[in-house]
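Inspection log for the structure reproduced underneath, given as structure tokens.
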Amino acid sequence: MAAGLKTVILLSFVLAIGFLLIILSCALWQNWLPLIVALTFVLAPLPNAIFSHCGNSDDFGSSDTNPAADFGRFLTSCVVITGFALPLVLAHAEVIHPTASAMSIVGGGLVYGTILAYSAVFKTDSEEF
Amino acid sequence: MSLPRSQYDPRRVCVIPFNFESIPIFRKKRSLGVYVSGLLFGLAHWIFLDAAVLSAHAHPPPDAPYDTVPIHITFLDWIPGICSTLGLLIVNLVNKEQLIGEGGSFGSGEGGFVWRVRLFLFFGFALMAGGLAGSVCVLVLKYIVPQFDDYLYYGYANVAQNVLVMLSAIVLWIAQNTHDDDEYNYQLTL
């Protein structure tokens, strides 16, 4: 369990660094638009989580031919690309500073990576036991 | 003396020496395809939205700071993208298994049904192709011919959007006809 505890602590540190980067990218330039990136990345796994639970009542039974799960995956990757594209678009239109854009992308990537890694670790743990 | 059992399907024309199945992510072909498709779809719309946001925040040219910006992205530029997206929706709402199973389980009595499915599919493809053609049309007629050379990016972004939506539809189509963890079903049915 010690390894699991270490993983949780490490992931929480990475999550905190990600949020720190996003909030810094907002606060240093007094422009709070990059905060949308944090919201986007937090919302990104949500369609996958919702749609993977529905549509399992068809007689195929297997989840890999499930249109609802596919739609969830489609929406998830759309939201993820939104998180990366939004700061770039804002920087391109000179609404936010390019450095703020880079910081919020890195921070958002850390936040999303944390969510992915956490769900992966959690999934392997539940399969072992 | 018997030959050793071949490691590959002898019907294959090209034998790829690298085994893609050894990488775990390539075993989830269907999920991967859907993810890539969504990625392309999001990228397409963000490229166009980038041009739209840029147009809304456009500064006048630096040598004439009191001029107005000569051209903006209007609803006209949005039409090809809307057509393409509708086409993608229609094409992927059609149940392809019914279309492929035309000769088998669906007899001649269901001919009208297959005909309607095919018409629907044709309508979707026509919308996508129309969107692509329309975006090229907008690029040429709105930006190249009147020589708005500084604003060509708006037109190119429009074309890129429609090309990417089409690619997304193709990837989604292929992904829907493949199955995870199914070595006998790797052939893509088009």
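The values are calculated or read from the model by the stated rules, or taken from the named source; none is laboratory data. What you are looking at is a predicted structure, and each value in this text was computed from that prediction instead of being measured. When we count neighbours, we look across all protein chains shown, and the Cβ atoms used for this are built from the backbone with ideal geometry, even at glycine. Side chains are part of the model used for accessible areas, which takes the heavy atoms of the whole protein and leaves out ligands, DNA and RNA. Shrake-Rupley method; radii C 1.70, N 1.55, O 1.52, S 1.80 Å.
Shielding by partners for peptide A:89-99, expressed as the average number of C-beta atoms from other protein chains within 10 Å of each residue's C-beta, is 3.
The label-point distance for B:LEU89 and B:VAL145, in a model that sets each label 7 Å from Cα toward Cβ, rounds to 3.1 nm.
You can think of it this way: the chain between A:VAL106 and A:VAL42 has 21.6 nm of extra reach, that is 0.36 nm per residue less the Cα-Cα gap. B:TYR153 label point, 7 Å along Cα→Cβ, cut-off 17 Å on backbone N: hits in the range A:86-103? Output list for this probe position: A:86-99, A:101-102.
Heavy-atom accessible area with a 1.4 Å probe sorts A:VAL42, B:VAL53, largest first, into A:VAL42, B:VAL53.
Counting only protein heavy atoms and rolling a 1.4 Å probe, how much accessible area do A and B lose on contact, total for both sides, in Å² to 100?
Numbers: alone 8250 and 12800 Å², together 19190 Å².
Using a 1.4 Å probe, the pair buries roughly 1900 Å².
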